[in-house]
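Asker: Okay, here's the structure, questions in a sec.
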Amino acid sequence: MDNIVRVRFFRPVPIVAGSASLTVALQEAFDRSSSARDREIEVFPGVVVRIERLRRRDGFTDAEIVRVQRGNIPPEARDDGLVPLTIGGLGHSTVISYNDALDVMAVQVNHQMPIGRAMDYLAKSNRANGYRVDPLVQRDAWERYNRGRPRKLRLVIANPENLPAVEGQVGALSDMSRRLAEMADAPMITMEIGMGSRGGSLSKNFIDGVLQFFTNGEGREHDVRQMRVTTTSDEGGGGAIDFLDDVLQSKTTLDLPPTDTEAHFERRRSYVGACFEEHIEYIREVYGRRE
């Protein structure tokens, strides 16, 4: 596993009336069985997820969620060539630290085990529950955007062929991105839409839709490398707003033991918890608890 650990912050939003708090949902999923294998659920065809560990501490619930990969295992590279790996499977792990009082969670970013799949797992574990996740952003990103009018949008998208198909204007952008990648056999595309030297502004409804799609919507788990909007304002204060750099996040490099899974989890858990403590006053002031 990469020793660079990235942490982002999200608020779980119930999409099923009467959904339990995330603390209760995580505990229920963990209590399904004392056997990790028996806690596994196939959330989508070929995508198996389970809750591996659960801890409680001073108002926080910490969990390790794992995507289990038993097929398409890459070979081992030995000095004399590649040989099949004879293992039970791979575990792609992420750590969640959820604060019940604030209804916010800090999440280790792992594109092999994205937070959306963890929410799918909880929904499959108990169909009375259902959640989406909204990312927390820096204090002024949306404020600066909403004060101005969009003049330019720049997107850098990795693996665009995996973008979900959706309806409407955003769907047209998603479809075009996929087609361009397929025609050029390109692992990454850059798109820029702007007014150039002309006056006026781009359609705010369209730009709003793109931003919502990649932050809160179906594209939120996709590997977007850049999402920048340049605005103008009659009152001044316009400029470039990077909605990835302005997301509330932290990053560090940890010394993670490769053969001790418990210590591996505890070090990541400790860092994710420390990130929450670093930002907790800002989260409490700006986001509070959902009413």
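Asker: So which residues in the range 48-65 are on the phi > 0 side of the Ramachandran plot and either modelled with pLDDT of 95 or more or not charged (D, E, K, R) (or both), if there are any at all? Write out each step before concluding.
Answerer: At the first step, the residues of the range 48-65 found to be on the phi > 0 side of the Ramachandran plot are 58-59.
Matches in the range 48-65: Gly59 only.
Asker: Would you say Ser33 is assigned to a loop (DSSP other than H, G, I, E, B) and either buried (at least 20 other Cβ atoms within 10 Å of the Cβ) or modelled with pLDDT of 95 or more (or both)?
Answerer: For Ser33, the condition - assigned to a loop (DSSP other than H, G, I, E, B) and either buried (at least 20 other Cβ atoms within 10 Å of the Cβ) or modelled with pLDDT of 95 or more (or both) - is met.
Asker: Residue by residue through the range 94-118, note down the ones that are touching a Gly at 6+ places or on another chain (Cβ under 8 Å) and farther than 19 Å from His264 by Cα.
Answerer: Of everything in the range 94-118, those that are touching a Gly at 6+ places or on another chain (Cβ under 8 Å) and farther than 19 Å from His264 by Cα turn out to be Asn99, Asp100, Ala101, Leu102.
Asker: If you don't mind, another one. Can you tell me how many residues within the range 2-22 are among the aliphatic types (A, V, I, L, M) and out of contact with any helix residue (DSSP H, G or I) (no Cβ under 9 Å at 6 or more places or on another chain)?
Answerer: 3
Asker: Restricting the first residue to the range 76-99 and requiring it to be more than 30 Å from Leu54 (Cβ to Cβ), which pairs with a second residue that is surrounded by 11 or more Cβ atoms within 10 Å (Cβ to Cβ) and among the hydrophobic types (A, V, I, L, M, F, W, C) meet a Cβ separation below 8 Å and a spacing of at least six or different chains?
Answerer: Glu76/Leu85; Pro84/Ile73
Asker: When only residues in the range 124-137 that are more than 14 Å from Phe10 (Cβ to Cβ) and touching a strand residue (DSSP E or B) at 6+ places or on another chain (Cβ under 7 Å) count, which is most open to solvent (accessible area, probe 1.4 Å)?
Answerer: Lys124
Asker: So which of Ile189, Ile193 is open to solvent by less than 40 Å² (accessible area, probe 1.4 Å), β-branched (Val, Ile, Thr), in contact with a Leu (Cβ under 9 Å, 6 or more places away or on another chain) and in contact (Cβ under 8 Å) with a residue 12 or more places away in the chain?
Answerer: Among Ile189, Ile193, only Ile189 is open to solvent by less than 40 Å² (accessible area, probe 1.4 Å), β-branched (Val, Ile, Thr), in contact with a Leu (Cβ under 9 Å, 6 or more places away or on another chain) and in contact (Cβ under 8 Å) with a residue 12 or more places away in the chain.
Asker: Considering only the range 66-109, give the strands (runs of 3 or more DSSP E) lying wholly within it that have at least 2 residues that are touching a Lys or Arg at 6+ places or on another chain (Cβ under 8 Å), modelled with pLDDT of 95 or more and surrounded by 15 or more Cβ atoms within 10 Å (Cβ to Cβ).
Answerer: By residue number, 90-99, 104-108.
Asker: Run down Pro45, Pro12 and say which single residue is at pLDDT below 95 and either closer than 21 Å to Pro257 by Cβ or open to solvent by 70 Å² or more (accessible area, probe 1.4 Å) (or both).
Answerer: Unique residue meeting the criteria: Pro45.
Asker: Also, quick follow-up: Of these, Tyr121, Tyr131, which one is in contact with a Pro (Cβ under 6 Å, 6 or more places away or on another chain), within 15 Å of Leu22 (Cβ to Cβ) and not β-branched (Val, Ile, Thr)?
Answerer: Details: Tyr121 fails: in contact with a Pro (Cβ under 6 Å, 6 or more places away or on another chain).
When all the criteria are applied, what remains is Tyr131.
Asker: Quick check on the range 141-158: of everything there that is of a type in the set (Lys, Arg) and in a helix (DSSP H, G or I), which residue is most open to solvent (accessible area, probe 1.4 Å)?
Answerer: Across the range 141-158, the extreme among qualifying residues is Arg147.
Asker: Same structure, new question: Six or more apart or on different chains, Cβ under 7 Å: which pairs go from a residue in the range 18-34 that's more than 14 Å from Ala118 (Cβ to Cβ) to one that's open to solvent by 60 Å² or more (accessible area, probe 1.4 Å) and outside any loop (DSSP other than H, G, I, E, B)? Could you list them?
Answerer: From residues that are more than 14 Å from Ala118 (Cβ to Cβ), the pairs are Arg32/Asp38.
Asker: While we're looking at this one, here's another question. Looking at the range 204-291, what strands (runs of 3 or more DSSP E) fall wholly within it and have at least 3 residues that are surrounded by 14 or more Cβ atoms within 10 Å (Cβ to Cβ) and of a type outside the set (Phe, Trp, Tyr)?
Answerer: Here the list reads 224-232.
The values are calculated or read from the model by the stated rules, or taken from the named source; none is laboratory data. Since the structure is predicted, the reported quantities are computational estimates derived from the model, not experimental observations. All Cβ positions, even for glycine, are placed from backbone atoms using ideal geometry, and neighbour counts span all protein chains on display. Accessible surface areas use protein heavy atoms only, side chains included; no ligands, DNA or RNA. Shrake-Rupley method; radii C 1.70, N 1.55, O 1.52, S 1.80 Å.
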